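Input: a single structure, listed below in structure tokens.
The values are calculated or read from the model by the stated rules, or taken from the named source; none is laboratory data. Keep in mind the model is a prediction, meaning the values are calculated, not measured. Note: ideal-geometry Cβ built from the backbone for every residue, glycine included; neighbour counts use all protein chains shown. We work out accessible area using only protein heavy atoms, side chains counted, and drop any ligands, DNA or RNA first. Shrake-Rupley method; radii C 1.70, N 1.55, O 1.52, S 1.80 Å.
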Amino acid sequence: MKLVVSLTSPYARKIRIALAEKGLPFTLEVDIPWLPDTSVPSYNPLGKVPALVSDDGEVWYDSPVIALYLETLGGVPLMPAERVACLPVRQTEALADGISDAAVAVFLESRRPPEQQDAASIERQLTKIHRGLAALEERLVQRKGFGGITINIGDIAVGCTLGYLDFRFAHLHWRSTHATLAAWAADLMARPSFVDTTPPPA
Ligand SMILES: N[C@@H](CCC(=O)N[C@@H](CS)C(=O)NCC(=O)O)C(=O)O
């Protein structure tokens with residue numbers, strides 16, 4: 001099994017951590033989709049990472065589908081087997097991924113020349129990040145889809161999103177406004193699977 005990633009992608013990190021937590025062996029191929037000579041479109045027509053090439057040659061994307069596929073392979077389960085019980089976990093994953101979507105959009109916009117940046121669009125995406133973090137904190141208090149005794153894909157997705165905010169948006173100081181989330185995340189981020197996949201220095 002081969003996982004195609006960039007080392008800064010929160011979605012790719014989610015899958016690397018899921019594979020490590022499940023104890024499934026894989027090889028890592030680093031391929032930056034923004035570079036002109038990238039091979040990513042040969043795996044995923046959308047040109048995005050992560051993409052997973054399974055042992056039978058099937059290619060899976062995007063990260064929520066890869067996470068579902070991994071559940072079919074055995075190893076430590078990261079989702080409840082029962083469909084209804086799975087819903088809040090997948091909802092948490094979608095919420096966390098959505099915050100990452102907004103953060104990535106702001107990051108990309110901020111890299112354009114200042115005179116071409118769309119301030120209203122940045123503001124709109126930042127609002128999604130703030131609303132999303134508030135919703136995550138509410139869900140954590142209710143233990144809705146993550147924050148339980150054993151790690152699941154919701155925990156991993158939230159940890160990767162918070163890690164991405166640390167990586168690209170340290171100036172947002174999300175810990176000072178979301179103390180409950182911060183206290184919970186400290187233990188999660190100390191797990192070897194998280195430490196080993198910390199994004200490289202920007
Ligand atoms: N929903 C997708 C998002 C993947 C994604 O946006 N990946 C970014 C890296 S963080 C990417 O490959 N972007 C390249 C592009 O948009 O062309 C997933 O969960 O896998």
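Placing a pseudo-label 7 Å from each Cα along the Cα-to-Cβ vector at GLU109 and VAL65 gives an inter-label distance of 2.8 nm.
Spin-label model, ASP166/THR72: points 7 Å from Cα along the beta carbon direction are separated by 3.4 nm. Over the chain, give the accessible area per residue in Å² for a 1.4 Å probe, as an integer. I get 51 Å² per residue for this part. For the options ILE17, ILE122, ILE149, a Gaussian network treatment of the chain with springs between C-alpha atoms closer than 10 Å singles out ILE149 as fluctuating the most. Take every Cα pair under 8 Å whose residues are at least 6 apart in sequence, average their separation, divide by the length of the chain, and the relative contact order is 23 percent.
Pairwise Cα separations in region 50-119 fall into 5 Å bins from 0 onward with the following percentages, short to long: 3, 14, 17, 17, 14, 12, 8, 7, 5, 3, 0.
Shown is the FRET efficiency for LEU35 and SER176, computed with R0 = 45 Å from the Cβ-Cβ distance and rounded to the nearest 0.05: 0.80. Computed over protein heavy atoms with a 1.4 Å probe, the carbon and sulfur contribution to the accessible area of region 83-195 reaches 56%. Within the listed set TRP34, TRP60, TRP174, the residue fluctuating most in the Gaussian network model of the chain (springs between alpha-carbon atoms under 10 angstrom) is TRP34.
Between ARG83, ARG139, ARG175, the residue with the greatest mean-square fluctuation in the GNM of the chain (Cα pairs under 10 Å linked by springs) is ARG83.
Pairs of lysines in the chain whose Cα atoms sit within less than 28 Å of one another amount to 11, provided the residues are eight or more positions apart or on different chains. Could you let me know the centre-to-centre spacing of region 158-184 and region 55-79, using Cα atoms, in angstrom? Taking the Cα centre of each part, region 158-184 and region 55-79 sit 27 Å apart.
Calculated on C-alpha atoms, the gyration radius of region 2-71 divided by its Kirkwood radius gives an Rg/Rh of 0.93.
Accessible-area rank, largest first, for TYR61, TYR43: TYR61, TYR43, with all protein chains present and a 1.4 angstrom probe.
Please report the antiparallel percentage of DSSP beta bridges with both residues in region 2-71, rounded to the nearest 5. Within region 2-71, antiparallel bridges account for around 55 percent of the total. Over region 1-148, one equal point on each Cα, no solvent: what is log10 I(q)/I(0) by the Debye formula at q = 0.09, 0.10 Å⁻¹? At q = 0.09, 0.10 Å⁻¹ the computed log10 ratios are -0.34, -0.41.
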